[in-house]
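Scroll down for the structure; my scribbles are underneath it.
Nothing in this text is a laboratory measurement; each read-out follows from the coordinates by a stated rule. Keep in mind it's a predicted model, so treat the numbers as computed, not measured. Note that we place each Cβ from the backbone using ideal geometry, even for glycine, and neighbour counts take in every protein chain shown.
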Amino acid sequence: MSPRLKEKYETEVLPALQESLGRKNRLSLPRLEKIVVNMGVGSAIQEKKHLEMAVDALTEITGQKPIITRARKSVAGFRLREEMPIGCKVTLRRARMWEFLDRLVSLALPRVRDFRGISRTAFDGSGNYSLGLSEQLVFPELNPDKYLRVQGMNITLVTACASDEEALEMLTLLGLPFKREESAAA
């Protein structure tokens with residue numbers, strides 16, 4: 001069975017994008033390629049258990065086992081040596097990507113405290129969008145009794161778009177809750 005958000009993309013979003021961008025070829029329209037979820041665990045330098053907890057949490061959230069990221073350089077001030085494990089990340093594609101985005105938009109983001117929408121300016125110039133969550137417990141899959149340590153994460157939506165404006169239009173049609181323009185100017 002196809003994920004709910006993917007069906008919405010194919011039936012509602014693509015025709016709307018064809019209309020607004022004036023393109024007939026579906027392959028030239030903006031599309032989501034992958035989602036990268038990254039957790040940096042700086043405290044893993046002293047406490048190895050923190051990294052294991054982050055890996056467990058990311059596995060439960062995404063449904064895929066993360067890879068351990070390692071330090072590229074040694075930094076004496078942080079007591080960090082090259083190749084030390086300091087985080088974990090997951091790259092989601094296809095069905096898992098659509099399922100994760102659906103849960104992020106419909107379940108996790110509304111549970112963020114004092115949430116007024118995500119920033120419209122977090123694009124990188126190539127149509128990719130990044131957002132950060134300050135705690136992983138906004139995902140309902142996680143048991144708050146098991147994960148006592150608050151851990152944030154970065155989520156990057158990698159798109160195949162010609163510009164940030166096209167990506168913004170596509171992500172808005174997919175249901176990402178962006179801040180309104182008049183409140184961003186105020």
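For residue 146, which lysines qualify as cross-link partners when the Cα separation must be under 20 Å and same-chain residues fewer than eight apart are set aside?
48, 49, 65
Name the residue from 91, 134, 115 whose Cα lies farthest towards the positive end of the charge dipole of the chain, charges +1 on Cβ of Lys and Arg and -1 on Cβ of Asp and Glu.
Ranked along the dipole, the leading option is 91.
Rounded to whole Hz and in sequence order, give me ³J(HN,Hα) for the range 57-73 from the Karplus expression 6.51 cos²θ - 1.76 cosθ + 1.60, θ = phi - 60°, writing x for Gly and Pro.
Each residue of the range 57-73 in turn: 5, 5, 5, 5, 5, 9, x, 9, 6, x, 9, 7, 9, 10, 5, 7, 10 Hz.
Quickly work out the residue 70-to-residue 122 label distance, labels modelled 7 Å from Cα along the C-beta direction, and quote it in nm with one decimal.
With each label point 7 Å from Cα toward Cβ, the separation is 3.0 nm.
What is the spin-label model distance, in nm, from residue 25 to residue 83 if the labels are put 7 Å beyond Cα along the C-beta direction?
Distance between label points: 4.7 nm.
Highest mean first, what order results for 92-104, 139-151 on Cβ atoms within 10 Å?
Those peptides, ordered most packed to least, come out 92-104, 139-151.
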